[in-house]
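See below for the structure under consideration.
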Amino acid sequence: MSSTGVLKTRSEHVCHGGRVGFYSHQSAVLGLEARFAVFVPPGASAARHVPVVHVLAGLTCTEETFFIKAHALAEAARLGVALVATDTSPRGAQVPGEEDSWDFGTGAGFYLDATQEPWSRNYRMGSYIAEELPALTEQLFPLDGARRGIMGHSMGGHGALVHALRAPTFWKSVSAFAPIVHPAVVPWGEKTFTAYLGPDRQSWRREDAVCLLEDGYLHPADILIDQGEADQFLERELKPELLEEAARKAGQSLRVRRHAGYDHSYWFVQSFAADHVRHHAALLNAL
């Protein structure tokens with residue numbers, strides 16, 4: 001492991017002619033060491049910055065999961081798009097109960113800023129995604145912040161949709177795999193939002209894609225979503241039809257592609273990840 005200023009390099013590897021690296025740094029936002037990964041495609045340099053897509057993984061995952069399991073790097077290399085992947089929560093906050101459940105606490109930061117003690121001190125993945133990580137990576141790598149997109153899977157799909165809808169000039173493109181579209185009304189979201197944000201459901205609305213659409217937040221680009229019809233969480237937690245209805249009423253351009261036989265796993269994500277890279281590349285390269 002090497003260290004350069006604020007950045008610790010855990011490992012770097014040549015991949016599809018580019019370079020994939022796994023890094024850590026002391027996060028001012030989280031108050032802890034944070035980990036992330038970057039894929040820089042071939043041809044990127046200090047003189048040639050490339051479009052970048054941030055990738056948000058789902059419950060229990062880490063910054064390594066998408067890079068290893070989604071098989072998206074070959075298409076990113078071909079199209080000249082960089083990828084940045086973050087961890088799914090702070091690590092080592094030592095909050096009582098953060099290790100007790102797979103769908104809450106460690107590995108389940110939900111890409112928001114907690115407002116309730118004891119979570120509010122470190123569980124600030126919202127600001128980390130919206131501010132600190134893009135600023136850091138665009139300072140240290142040849143990434144073009146004017147051409148920046150975001151995508152995610154499951155909990156990460158929730159994060160991608162919410163962040164893009166709230167900041168459409170910052171995140172110029174958005175897509176998701178099997179996202180939690182309306183966390184305020186499903187068990188995963190109700191459990192997490194109650195603990196992180198408190199019992200006032202009105203305060204949950206800015207962390208919910210369906211609510212944001214209802215409240216007038218729109219993204220100028222087409223939103224792409226892929227959803228497996230054999231997804232074990234489809235009816236209980238995901239409910240893409242609620243996003244479709246909210247988008248229809250709001251006038252948001254949205255494509256939800258349903259796929260027979262596919263479940264919630266990375267076998268599903270792997271099957272359509274290249275499509276998502278192409279979706280982002282087309283939008284970002286047109287800027």
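The values are calculated or read from the model by the stated rules, or taken from the named source; none is laboratory data. Please read all numbers here as calculations on a predicted model, not as lab measurements. Methodologically, a virtual Cβ is constructed for each residue, glycine included, from the backbone with ideal geometry; neighbour enumeration extends over all protein chains shown. Just so you know, the surface numbers come from the protein's heavy atoms only, side chains and all, with ligands and any DNA or RNA stripped out. Shrake-Rupley method; radii C 1.70, N 1.55, O 1.52, S 1.80 Å.
Close contacts from the range 71-87, counting a first residue that is in contact (Cβ under 8 Å) with a residue 24 or more places away in the chain and a second that is part of a strand (DSSP E or B) and aromatic (Phe, Trp, Tyr), with Cβ to Cβ under 7 Å and a gap of 6+ residues or different chains, come to 73/39; 76/39; 82/39; 83/39; 84/36; 85/36; 86/36; 87/36. Elements of the type strands (runs of 3 or more DSSP E) sitting completely within the range 1-57 and holding at least 3 residues that are aliphatic (A, V, I, L, M) and under 22 Å from the mean Cα position of the chain (by Cα): these cover 33-40, 50-56.
The lone criterion from (1) over 18 Å from the mean Cα position of the chain (by Cα); (2) open to solvent by less than 50 Å² (accessible area, probe 1.4 Å); (3) more than 30 Å from residue 75 (Cα to Cα) left unmet by residue 234 is number (3). Of all residues in the range 128-137, none satisfies being farther than 19 Å from residue 27 by Cβ and either open to solvent by 10 Å² or more (accessible area, probe 1.4 Å) or of a type in the set (Lys, Arg) (or both). Each residue in the range 265-284 was checked for being in contact with a Leu (Cβ under 8 Å, 6 or more places away or on another chain) and not hydrophobic (A, V, I, L, M, F, W, C), and 4 pass. Could you tell me whether residue 206 is open to solvent by 60 Å² or more (accessible area, probe 1.4 Å) and either assigned to a strand (DSSP E or B) or modelled with pLDDT under 95 (or both)? For residue 206, the condition - open to solvent by 60 Å² or more (accessible area, probe 1.4 Å) and either assigned to a strand (DSSP E or B) or modelled with pLDDT under 95 (or both) - is not met.
Filtering 77, 70 for residues that are crowded, with 17+ Cβ neighbours inside 10 Å and either under 19 Å from residue 124 (Cβ atoms) or under 16 Å from the mean Cα position of the chain (by Cα) (or both) leaves a single hit, 70. Taking the criterion of being of a type in the set (Gly, Ala, Ser) and within 18 Å of residue 76 (Cβ to Cβ), the residues of the range 147-158 that qualify are 149, 152, 156.
Please pick out the residue among 170, 193 that is among the aromatic types (Phe, Trp, Tyr) and either open to solvent by 20 Å² or more (accessible area, probe 1.4 Å) or touching a Lys or Arg at 6+ places or on another chain (Cβ under 6 Å) (or both).
Every option except 170 fails the conditions.
Among the conditions (1) touching a residue at least 60 places away in the same chain (Cβ under 8 Å); (2) out of contact with any Pro (no Cβ under 6 Å at 6 or more places or on another chain), residue 41 misses just one, which is (1).
Scanning the range 209-219 for residues that are more than 19 Å from the chain's Cα centre (by Cα) and either open to solvent by less than 20 Å² (accessible area, probe 1.4 Å) or more than 30 Å from residue 121 (Cβ to Cβ) (or both) returns 214, 216. Residue pairs whose Cβ atoms lie under 6 Å apart, separated by 6 or more positions or on different chains, with the first residue in the range 164-193 and touching a residue at least 60 places away in the same chain (Cβ under 8 Å) and of a type in the set (Ser, Thr, Tyr) and the second open to solvent by less than 10 Å² (accessible area, probe 1.4 Å) and assigned to a helix (DSSP H, G or I), are 173/280; 173/284; 175/276.
Total residues in the range 33-67 satisfying the condition of being open to solvent by less than 10 Å² (accessible area, probe 1.4 Å) and of a type in the set (Ser, Thr, Tyr): the figure is 0.
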